[in-house]
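First the structure, in the form of structure tokens, and then the observations on it.
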Amino acid sequence: MLDISLKQQVKSIFADLQANFVLTVSVSSQHESKGELIELLNDVSDCSDRIACTVEDGDGLEFSLLKNRENTGVKFRGVPNGHEFTSLLMAILNADGKGKNIPDETVRNRVKALKGPIRLTTYVSLTCTNCPDVVQALNLIALLSENISHEMVDGAINQEEADALKIQAVPSVYADGELLHAGKSGFGDLLEKLETKYGSDTEHTVNTVKNYDVIIAGGGPAGSSAAIYSARKGLKVAVLAERAGGQVKETVGIENLISVPYTTGETLAANLKNHIEAYSIDLLEHRRVESVEIDGKNKIVSVAGGEKFIAPALIIATGASWRRLNVPGEAEYIGRGVAFCPHCDGPFYKGKRVAVIGGGNSGIEAAIDLSGICTKVTVLEFLDELKADKVLQEKAKSQSNIEMFTASQTLEIVGDGGKVIGIRIKNRHTDEERLIELDGVFVQIGLAPNSDTFRHVVSANRFGEIEIDAHCRTSQAGIYAAGDVSTVPFKQIIIAMGEGAKAALSAFEDRTRGLI
């Protein structure tokens, strides 16, 4: 199954394994995917003397990861091909204590403090690009705590099980049988949700206070640039980020980063992280800023988990997130008819009727993609005209199963208690309301600045963007903002990088002048 080139890569990855691992397969002799799974796992085990594969009769199709004959709590119910092949490799590496995704000690202690036992299950599609991030994060959480287990379930192979749960979005994460999360996510967000649901044993947590010259909230293009420019001035810098790369990591293709004809969000995020790590910068991932206080010239930044960071200069570079409709039914039916990623969740709506909310580029692109698999796609735009580029509009108009309505306000996502069955809208000109019967709603209404945590200390406009001057200074001395979270026009990667550099240089200038 693995070609020679890929096998060589896997051998290189597993060259320094220290522990002994066994992939224990339990599979029905009649299962149609039995041969595919065993062939894949045998190929993987052939890549290292430290890995073995055993097979025994079972009722379904699954395998567990054992380390030195002990169960690690990690299980796969499916064949981890496609995007999930990396999840299998990372599970073995992480179990051996290796991998750049292993968090620092403070975050590891937060995982160990979770009150268990906790049984986690993630339903995935092998074509989903967001699923591996969630699977790898929860595998790692299971490996860090003996009270937690996690299994990946391929929804296609376990279709009846997925149908019984009415799953219409991947990844869908269940904690002890209850839905915990649906859609894209990362380690820090999932850890917080587990802390909220199960609580933590505080004796394992350490509430530390650390001092810096500059604190940067956000690890995307703006935050990375600000960190590098600050470090080059010889300052002690901390980057507090939910994940390195920020929102850019979700971008598929990037063709307008000058001097780089083409790259991907994943590659750019990795490059940003590597550049930060080339300097003496404390890159603290899986940190979400909860509050900011002013104490004289010092800014006290508190993050989820209890840590506090103090510095005279704070640069806010938290970017933006996908907007929600904030209408009745939206939150209730996320993962059960309400979706945000047409690439990942579109296949669930093959032969069905869907609506796309938003007439910008992302909305019309989503409608075009969905028109190839859905019987009907209805585009609903709040404004009086579509905002998408004309070439996209013309392409959408050429598709016979796409209909588009402007001046349409979404009032409610309607469901039957299990799944979405329709959407209630209003014509903004006539006030006429109507119910459109459908099976799914894809929300594509742009981005909102991640500024809520900071609005009590700095001024923001009516859109929530933090107001800055030409030097990235905010209304509060010693606090700066850069990138998509700010009022800077044109939300582009290259602009965010420049703004991050500008904010760092302004902070350094204010420091040398004794203003902070």
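The values are calculated or read from the model by the stated rules, or taken from the named source; none is laboratory data. Everything numeric here is computed off the predicted structure, so don't read it as measured data. We place every Cβ from the backbone using ideal geometry, glycine too, and count neighbours over all the protein chains shown. We work out accessible area using only protein heavy atoms, side chains counted, and drop any ligands, DNA or RNA first. Shrake-Rupley method; radii C 1.70, N 1.55, O 1.52, S 1.80 Å.
Would you be able to say whether some residue in region 4-14 is on the phi < 0 side of the Ramachandran plot and assigned to a loop (DSSP other than H, G, I, E, B)?
Yes - at least one qualifying residue is present in region 4-14.
Could you tell me how many of the residues in region 7-55 are within 19 Å of Glu84 (Cβ to Cβ) and among the hydroxyl-bearing types (Ser, Thr, Tyr)?
Residues meeting the conditions: 4.
Take region 242-262 and flag every residue that is within 24 Å of the chain's Cα centre (by Cα) and in a loop (DSSP other than H, G, I, E, B).
Result: Glu242, Arg243, Ala244, Gly245, Thr251, Val252, Gly253, Glu255, Asn256, Tyr262.
Residues being in contact (Cβ under 8 Å) with a residue 24 or more places away in the chain, over 15 Å from Asp439 (Cβ atoms) and open to solvent by 30 Å² or more (accessible area, probe 1.4 Å): count how many of those fall in region 393-425.
9
Collect the residues in region 234-267 that are closer than 23 Å to Leu505 by Cβ, of a type outside the set (Gly, Ala, Ser) and in contact with a Pro (Cβ under 8 Å, 6 or more places away or on another chain), keeping them in residue-number order.
Val248
Quick one: in region 30-44, which of the residues that are charged (D, E, K, R) and not in a loop (DSSP other than H, G, I, E, B) is least open to solvent (accessible area, probe 1.4 Å)?
Per the stated criteria, the residue is Asp43.
Matching residues to (1) touching a Cys at 6+ places or on another chain (Cβ under 9 Å); (2) open to solvent by less than 60 Å² (accessible area, probe 1.4 Å); (3) not small (Gly, Ala, Ser):
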residue	(1), (2), (3)
Leu257	no, yes, yes
Glu307	no, yes, yes
Ala317	no, yes, no
Gly346	yes, yes, no
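Of the residues that sit in region 114-144 and are closer than 16 Å to Tyr198 by Cα and touching a Gly at 6+ places or on another chain (Cβ under 7 Å), which one is most open to solvent (accessible area, probe 1.4 Å)?
Only one residue fits best here, namely Lys115.
From Val27, Val74, Val111, which residue is open to solvent by less than 10 Å² (accessible area, probe 1.4 Å) and in contact with a Gly (Cβ under 7 Å, 6 or more places away or on another chain)?
Answer to the selection: Val27.
How many residues does region 475-492 hold that are at pLDDT 95 or above and closer than 20 Å to Ser321 by Cβ?
Within region 475-492, residues that are at pLDDT 95 or above and closer than 20 Å to Ser321 by Cβ number 8.
Could you list, in sequence order, the residues of region 149-173 that are polar (S, T, N, Q) and in contact with a Phe, Trp or Tyr (Cβ under 9 Å, 6 or more places away or on another chain)?
Once the filter is applied, which keeps residues that are polar (S, T, N, Q) and in contact with a Phe, Trp or Tyr (Cβ under 9 Å, 6 or more places away or on another chain), region 149-173 yields Asn158, Gln168, Ser172.
Are any of the residues in region 2-9 open to solvent by 10 Å² or more (accessible area, probe 1.4 Å), touching a helix residue (DSSP H, G or I) at 6+ places or on another chain (Cβ under 6 Å) and more than 30 Å from Arg287 (Cβ to Cβ)?
For region 2-9, residues open to solvent by 10 Å² or more (accessible area, probe 1.4 Å), touching a helix residue (DSSP H, G or I) at 6+ places or on another chain (Cβ under 6 Å) and more than 30 Å from Arg287 (Cβ to Cβ): present.
Just a yes or no: is a residue in region 386-408 touching a Lys or Arg at 6+ places or on another chain (Cβ under 6 Å) and within 20 Å of Phe340 (Cα to Cα)?
No: region 386-408 contains no residue that is touching a Lys or Arg at 6+ places or on another chain (Cβ under 6 Å) and within 20 Å of Phe340 (Cα to Cα).
Would you please name the residue that is surrounded by the most Cβ atoms within 10 Å (Cβ to Cβ), looking only at residues in region 45-71 that are touching a residue at least 24 places away in the same chain (Cβ under 8 Å) and charged (D, E, K, R)?
Result: Glu62.
Okay, residues lined up against (1) in contact (Cβ under 8 Å) with a residue 40 or more places away in the chain; (2) touching a strand residue (DSSP E or B) at 6+ places or on another chain (Cβ under 7 Å); (3) not in a loop (DSSP other than H, G, I, E, B):
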residue	(1), (2), (3)
His429	no, no, no
Val441	yes, yes, yes
Gly464	no, yes, no
Pro489	no, no, no
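Checking the condition at pLDDT below 95, within 15 Å of the chain's Cα centre (by Cα) and β-branched (Val, Ile, Thr), which residue from Thr202, Thr122, Thr129 passes?
Thr129
List pairs: first in region 91-116 and among the aliphatic types (A, V, I, L, M), second open to solvent by 10 Å² or more (accessible area, probe 1.4 Å) and in a helix (DSSP H, G or I), Cβ under 6 Å, 6+ apart or cross-chain?
Going by the 6 Å Cβ cut-off, the qualifying pairs are Ala95/Leu143; Val111/Leu144; Ala113/His204; Leu114/Tyr198.
State the number of residues belonging to region 447-472 that are surrounded by 20 or more Cβ atoms within 10 Å (Cβ to Cβ) and more than 30 Å from Ile357 (Cα to Cα).
Residues meeting the conditions: 3.
Scan (1) free of Cβ contacts under 8 Å to residues at least 40 places away in the same chain; (2) touching a helix residue (DSSP H, G or I) at 6+ places or on another chain (Cβ under 7 Å); (3) open to solvent by less than 50 Å² (accessible area, probe 1.4 Å) for the single condition Val248 breaks and write down its number.
Failing condition for Val248: (1).
Please enumerate the residues belonging to region 370-383 that are touching a residue at least 24 places away in the same chain (Cβ under 8 Å) and either under 11 Å from Ile402 (Cβ atoms) or hydroxyl-bearing (Ser, Thr, Tyr) (or both).
Leu370, Ser371, Cys374, Thr375, Lys376, Val377, Thr378, Val379
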